[in-house]
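Okay, so here's the structure we're looking at.
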Amino acid sequence: MKHGMKYIDDFRDPATAKALVARIRSDAGDAPVRLMEVCGTHTVAIARGGIRSLLSGAVTMLSGPGCPVCVTPDGYIDAAIALGRKPGALLASFGDMLRVPGKSSSLEREKGSGLEVRVVYSPLDAVTLAAATPDREVVFLGVGFETTAPAIGGAIKTASVRGVRNFSVLSSVRTIPEAMGVLAADPEVRIEGFLCPAHVSVVIGTDAYRPVAQRYGIPCVVAGFEPLDILMGISMLLRQKKEGVARVENEYSRVATSIGNRKAQDLVRDVFVSCDTGWRGIGVIPGSGLRIADRYASFDAEKKFGAPVVFAPDRSACRCGDVLKGKILPVDCPLFGKACVPEEPYGPCMVSSEGSCAAYYKYGGA
Amino acid sequence: MCLGVPAKILETGEGAAVVELGGVRREISVMLVDDVAVGEWVIVHAGFAIEKLSEEAAEQTLALFREIAEAAPSGDS
């Protein structure tokens, strides 16, 4: 990491960061401007870079619902555990999912009592695993947003083409603009600008936020994940506010375009169909999910094994829901740092490395 | 979970390419991008190139950053 990573280190220059902070401070008004970083990857980068404290008094950064692990409901974990308990089953998952609590257990805890879960880097690795273990039923836990949807779809397509029949996906794919619409409409949240996700936008295109900007009059800026990207994105949001406009701008023009990745979109449209889906802490958001299309039903674990994911309301004491909506900061939850710590998480925002609570806990509240 | 890493294409093949990721050579799928060539940069997420990186656009953004840095009063706190 230390020997100069092109297109990473370039966007971390301290002198430029300082200039951007000064620019943000001079554009800010008397009261702090309430901005939301929608994406969990931004949340981690902001916490790691100490950006909240650099901008304190000028900008309040609220963390949004963009951590896929955090918004995956209990019922999904329960369904995954039930599937993993079936004879011959072999689960494959991104590592982040293992410690997420379901209603009564987590994958990690079940692993201790015989459940088999393999951590994979790519959904394609799960297809390879299935091809190598024809006597097992490999179920990939397909959790993610639009960034990951083409990868999950690509794995299903690959399994279909290669005839890997012992591979299926328990899909929990969600779409971000619909969730932003819910937050934008919530009078309690009062967002004055959205720092929009980098890689979700690469796939769906920056135009996808135009309805949010136009309908709710909230400025939107797509920004990359490096510190200078984030500071520049925030600065662009403040300039829009100053000018009294609300439009979609793109700081991450080196990768994201207005129309997005058409090839990825076509693949997603082929493999998935839009559906209503439940978000932990938020509830059911119409049209915010992607389920596997009927033509790929044999790769849909819910259908293949009759293991439906049931959405139920959340456990009472945990305030992850209010954290995910930007209504409270992690430190305002009575469980934060007490009954809920990364080693013994109560709620999903403390489990995922990208969860707001975990980021606050690790890097300090500022 | 939406992390994506810039990587340079070292070799190309049928639907796949070899890139260097954090000093390690790795095969990735290029089924989501059109005709990648050796030497081009892509963003890698979950084993897939999800888009090409425009070096020209990156340079423009960096030039803008340099302008902002140079315009800032020096030695301020």
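Data table
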item: Residue within region A:204-219 that is polar (S, T, N, Q) and out of contact with any helix residue (DSSP H, G or I) (no Cβ under 8 Å at 6 or more places or on another chain) present; result: yes
item: Every pair of residues 6+ apart whose Cβ atoms lie under 9 Å, when the first sits in region A:1-17 and is at positive phi and facing chain B (nearest Cβ under 7 Å) while the second is modelled with pLDDT of 85 or more and in a helix (DSSP H, G or I); result: A:Tyr7/B:Glu55; A:Tyr7/B:Ala58
item: Within region A:51-165, strands (runs of 3 or more DSSP E) holding 2 or more residues that are out of contact with any Lys or Arg (no Cβ under 6 Å at 6 or more places or on another chain) and surrounded by fewer than 19 Cβ atoms within 10 Å (Cβ to Cβ); result: A:117-119
item: Region A:260-286, residues that are surrounded by fewer than 22 Cβ atoms within 10 Å (Cβ to Cβ) and hydroxyl-bearing (Ser, Thr, Tyr); result: A:Ser274
item: Test: A:Ala131 is within 11 Å of chain B (Cβ to nearest Cβ), touching a residue at least 24 places away in the same chain (Cβ under 8 Å) and out of contact with any Pro (no Cβ under 6 Å at 6 or more places or on another chain); result: no
item: Tabulated pairs, region A:322-347, first basic (Lys, Arg), second part of a loop (DSSP other than H, G, I, E, B) and modelled with pLDDT under 85, C-beta under 8 angstrom, 6+ apart or interchain; result: A:Lys325/A:Gly281
item: A:Gly193 being away from chain B (no Cβ under 13 Å) and either touching a His at 6+ places or on another chain (Cβ under 7 Å) or not β-branched (Val, Ile, Thr) (or both); result: yes
item: Count of region B:43-66 residues which are within 21 Å of A:Val203 (Cα to Cα) and more than 9 Å from every other protein chain (Cβ to nearest Cβ); result: 2
item: Test set (1) in contact with a strand residue (DSSP E or B) (Cβ under 6 Å, 6 or more places away or on another chain); (2) modelled with pLDDT under 95; (3) under 20 Å from A:Val268 (Cβ atoms) - B:Leu21 fails condition number; result: (3)
item: Whichever residue in region A:238-259 is in a loop (DSSP other than H, G, I, E, B) and surrounded by fewer than 24 Cβ atoms within 10 Å (Cβ to Cβ) and, among such residues, is nearest to the other protein chains (Cβ to nearest Cβ); result: A:Ser253
item: Where A:Gly287 falls short, out of the listed (1) assigned to a loop (DSSP other than H, G, I, E, B); (2) at positive phi; result: (1)
item: Test: residue in region A:47-58 that is within 27 Å of A:Gly289 (Cβ to Cβ), among the β-branched types (Val, Ile, Thr) and at pLDDT 95 or above; result: no
item: Any chance A:Ala80 is under 26 Å from A:Glu344 (Cα atoms), at pLDDT 95 or above and of a type in the set (A, V, I, L, M); result: yes
item: Leading residue by the ranking (nearest to the other protein chains (Cβ to nearest Cβ)) among those in region B:15-30 that are of a type in the set (A, V, I, L, M) and assigned to a strand (DSSP E or B); result: B:Ile28
item: Considering residues of region A:18-40 that are within 11 Å of chain B (Cβ to nearest Cβ), over 27 Å from the mean Cα position of the chain (by Cα) and touching a residue at least 12 places away in the same chain (Cβ under 8 Å) only, the residue surrounded by the most Cβ atoms within 10 Å (Cβ to Cβ); result: A:Arg23
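The values are calculated or read from the model by the stated rules, or taken from the named source; none is laboratory data. Owing to the predicted nature of the structure, the values given are computational and were not obtained by experimental measurement. Positions of Cβ are backbone-derived with ideal geometry, glycine not excepted, and every protein chain shown enters the neighbour counts.
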